[in-house]
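Here is the structure we will look at, set down as structure tokens.
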């Protein structure tokens, strides 16, 4: 079983105060770990540390007992895939969807090699599985946000990783596509992938109902099962806003709402 | 943006362009102030060991000492500039980047101007130009290092700074140059020409050009990975420092070697990669080799024009500017029409 463990993780950018300190985190195969928190607290930075892209100011990140820093980028990316946030700041991808997903084979290829016929057939199979074959020839930039997100997931799966990190996977999607992607993430976890994702929506963490961590503005970090962490009082503390976690009578499903009275009073 | 399914496959494009290159090379051998017939050129190539008895001695001499080195140089330099332009545009995520981005061209021009003023001969000028080009890149990379930034934009800005500095150096050297002998020589060299290419100086530069070109061609698929942002490329296994370093070094060597042979020739490294991408799409694995062939054809055609348009030879830098500008505008318009 693959295990990603972060111990006493701290990070600060040059000449700035600490973004977070003393974070302990664990992820293993088959688990979904949601990270919640307001904007700017360092969720994406934390993901970068967990992916081995950023070197934490203090603390260690180990993958199956080996320090992540000691692994080469290729070794890391054969174990951990990263699905980036879809944002306008991202470098525009201009080549076709097919060429984009094929980049997922890069960790398995030597510096001067290109994807083989086997790599290509693997990519085609995954494109078909995710209903992307018909738009595979189209430019990545031209397809819908939902298709772009699916293509990023296909690329991640082509890496044949054990863990997948999602940075706000639903941030640019409509509700239907959000649900589709969340269901897909749950299915991936059920097939054995370890998943860590950041989200702004506590309801998504309630839907996925596995492990949850919160990172508050003051850098306070709290982890545990969803039922324990996703309470009205704790979420209100994290977001500095009165939030209610209520149980819907018809389905007994928990959901997080902003009370109308709070909304009216909000300046 | 819907990418049209090309009418021809990539392989067909590549073979077709390769054949076109051979035809243009053959045609370029016959063009010039002293035209040679295709029959003469065919005889020359079909009987190389007998040194073509059916070909007149003057024709042989023109072919061997003037046309052949020049045609080979045009093809190699055109390909080198286009390949390095494609590579730079990919790794700097910027379609407006060209090979002289890091100050290579101006650095090489400053090196050459210095050698001219010091009275060096052709080989000395070439070595000095090469050193100037490499020194410029080293300075740009050092600025990036001192600014403690790993971003490609900082390197681009550093390149612009060094380029500006090298232009000032060239200006100073032109100011102190002897106006009768040295100044025309520096100016002519700055405008670019293949007039002084010989088999021996071509032979000096071809090994480095070939080596750097082959490395970049081998890296062509990897360029797609490096064209992503830093986070995505790293999480897909790229060793950015190493891989970008190799590509910058090879693209710089290609440009500096090309500038050594011909002086500064602008536009090819900017325009030709766009033409290749327009034809074959944004995949660098396919665009890079095609850009190389297109670059070779483009410079061969321009050089043939330069040799035949007037009694005196027109500097290549002038022709590339006059033809490259409208061509670039046309390519941008075409891209908009086709891809939007």
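What follows is calculated from the coordinates using simple rules that are stated; it is not laboratory data. Keep in mind that what you see is a predicted model, and the values were worked out from it rather than measured. Note: ideal-geometry Cβ built from the backbone for every residue, glycine included; neighbour counts use all protein chains shown.
At a threshold of 8 angstrom on Cα-Cα distance, excluding pairs fewer than six apart, so keeping six or more, what relative contact order does the range A:119-250 reach in percent?
15 percent
What is the packing order of peptides A:146-153, A:26-33, A:12-19, B:239-246, taking the mean over residues of other C-beta atoms within 10 Å and listing the highest first? Walk me through the numbers before you get to the answer.
Numbers: A:146-153: 22.6, A:26-33: 18.9, A:12-19: 10.8, B:239-246: 14.9.
Descending mean neighbour count gives A:146-153, A:26-33, B:239-246, A:12-19.
Please average, across the residues of A:150-161, the number of beta carbons from any other chain that are within 10 Å of each residue's own beta carbon, and give a whole number. Before the final figure, lay out the partial values.
Details: counts 0, 0, 1, 0, 0, 2, 2, 0, 1, 3, 0, 1.
Average per residue, whole number: 1.
Would you mind pulling out the separation of the Cα centroids of the range A:13-66 and the range B:139-179, in Å?
When both Cα centres are located, 39 Å separates them.
Relative contact order for the range B:88-210: what percent, with Cα pairs under 8 Å and sequence separation of 6 or more? Mind dumping the intermediate values first?
Working: 130 pairs, mean separation 35.1, N = 123.
With pairs under 8 Å counted, the relative contact order is 29 percent.
With the cut-off at 1.5 for a/c, could you classify chain B from its C-alpha gyration tensor as rounded, prolate or oblate?
oblate
If I build a Gaussian network model for chain B, linking alpha-carbon pairs within less than 10 angstrom, which residue out of B:316, B:216, B:64 has the largest mean-square fluctuation?
The residue with the greatest mean-square fluctuation here is B:64.
For chain B, set up a GNM with springs between Cα atoms under 10 Å and report which of B:156, B:176, B:206 has the largest fluctuation.
Residue with maximal mean-square fluctuation among B:156, B:176, B:206: B:176.
With contacts defined as alpha carbon pairs under 8 Å and 6 or more residues apart, what's the relative contact order of the range A:3-230 in percent?
29 percent
Once you order the gyration tensor axes a ≥ b ≥ c over the Cα atoms, which shape class does the range B:267-325 get: rounded for a/c under 1.5, otherwise prolate or oblate by comparing a/b with b/c?
Prolate, because a/c is 1.5 or more and a/b exceeds b/c.
Taking every DSSP beta bridge that has both residues in the protein assembly as shown, what percent is antiparallel when rounded to the nearest 5? Could the numbers behind the result be given before it?
Values: 23 of 40 bridges.
Of those bridges, close to 60 percent are antiparallel.
What's the center-to-center distance, using Cα atoms, between the range A:184-198 and the range A:145-169 in Å?
11 Å
Grab the beta carbon distance between residue B:176 and residue A:233, set R0 = 60 Å, and tell me the FRET efficiency rounded to 0.05.
Between residue B:176 and residue A:233 the formula returns 0.15.
Report, in deg cm²/dmol and to the nearest 500, the calculated mean residue ellipticity at 222 nm for chain B, where each DSSP H run with n ≥ 4 adds -39500 (n - 2.57) and the sum is divided by the residue count.
After summing the helix terms and dividing by the residues of chain B, the value is -24500 deg cm²/dmol.
Please compute, for peptide B:219-228, the average count of beta-carbon atoms on other protein chains lying within 10 Å of each residue's beta-carbon. It would help to have the intermediate numbers written out before the result.
Details: counts 2, 2, 10, 8, 0, 8, 5, 0, 6, 7.
Mean partner shielding for this stretch: 5.
Under a crude label model (7 Å from the Cα following the beta-carbon direction), how far is residue A:21 from residue B:20 in nanometres?
6.5 nm
Where the centre of each part is set by its Cα atoms, how far does the range B:10-24 sit from the range A:107-130, in angstrom?
If we compute the Cα centre of each part, the gap is 28 Å.
Can you tell me the length gained on complete extension of the stretch residue B:334 to residue B:168, counting 0.36 nm per residue apart and subtracting the Cα distance?
56.1 nm
Taking a ≥ b ≥ c as the square roots of the eigenvalues of the Cα gyration tensor of the range A:130-172, is the shape rounded (a/c under 1.5), prolate (a/b larger than b/c) or oblate? Please report the intermediate quantities before stating the final value.
Numbers: a/c = 2.68, a/b = 1.36, b/c = 1.97.
Oblate is the answer for the range A:130-172, as a/c is 1.5 or above yet b/c matches or exceeds a/b.
What list do you get for A:265, A:155 if you sort them by fewest beta carbons within 10 Å?
Values: A:265 9, A:155 25.
The most exposed by this proxy come first: A:265, A:155.
Among A:41-51, B:34-44, A:228-238, how do they line up by average Cβ neighbours within 10 Å per residue, starting with the highest?
Numbers: A:41-51: 22.6, B:34-44: 14.9, A:228-238: 17.0.
Per-residue Cβ counts within 10 Å, averaged per peptide and sorted highest first, yield A:41-51, A:228-238, B:34-44.
Give the average, rounded to an integer, of partner chain Cβ atoms located within 10 angstrom of each Cβ in A:99-105. All intermediate terms of the calculation are to be shown ahead of the outcome.
On the way: counts 8, 4, 0, 5, 11, 2, 3.
If you average over the peptide's residues, the count of other-chain Cβ atoms is 5.
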